[in-house]
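To start, the structure under review is shown below, and the notes come after it.
Nothing in this text is a laboratory measurement; each read-out follows from the coordinates by a stated rule. All values derive from a computational prediction rather than experimental measurement. Ideal geometry is used to build each Cβ from the backbone, glycine not excepted, and the neighbour counts take in all protein chains shown.
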Amino acid sequence: MGKVNCRNCEKETDGDLECCKFCGCPLCSEYEQKIVRIKIPGDITTGLSRLLFSTDVEITDRTDTILWMGRQGEDAGFFVKEPTRITIHLGGIAKPVDGIVRPGKRYCLSQVGGIHLRPVYALCEIPLE
Ligand SMILES: [Zn+2]
């Protein structure tokens, strides 16, 4: 990742950081632009299976680092520096979803198969208006 100029002290600082290393000013615009957002469906685990299976959702990268944790029906948001291969563990017995996300993009999950209890989802990019 490249260098950015801090909007507060105008010194050149590391774009990977959340805050300027000289004055501590948050590099918000840079950071915000790289947040990936994923809409997690709320109806992955339905009916009685909600009593039996977790509705927790976890998103990890290929080194199993957790990028986001939440629940079905929430909007996931996390920071990536570059295109990143992720796995979304959807909870219940839904098949985990693999895909690549790019900084600043929005995604949704579309059901592409599977039966009621074991749905299969694919990651789809939502075009920005
Ligand atoms: Zn600064």
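For segment 44-120, count the residues as N, evaluate 2.2 N^0.38 Å, and divide the Cα radius of gyration by that value, please.
1.12
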Study note, to complete from the structure: Partner lysines whose C-alpha sits under 29 Å from that of K95, ignoring same-chain residues fewer than 8 away, are K34, K39, K81, K105
Check your understanding: Based on the Kirkwood radius over alpha-carbon pairs, what value in µm²/s does the Stokes-Einstein equation return for the translational diffusion coefficient of the chain at 10 °C and 1.306 mPa s?
Key -> 99
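Using alpha carbon coordinates only, what is the Rg to Rh ratio of segment 25-68, with Rh defined as the Kirkwood radius? It would help to have the intermediate numbers written out before the result.
On the way: Rg = 15.6 Å, Rh = 13.5 Å.
Looking at segment 25-68, the ratio lands at 1.16.
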Point to revise | Neighbour cut-off at most 10 other Cβ (10 Å), DSSP loop, trypsin sites (Lys or Arg not before Pro), segment 39-124 | key: R62, K81
Practice item. For the chain, with a Gaussian network of springs between Cα atoms less than 10 Å apart, report the residue from E58, E12, E32 with the top mean-square fluctuation. Key: E12
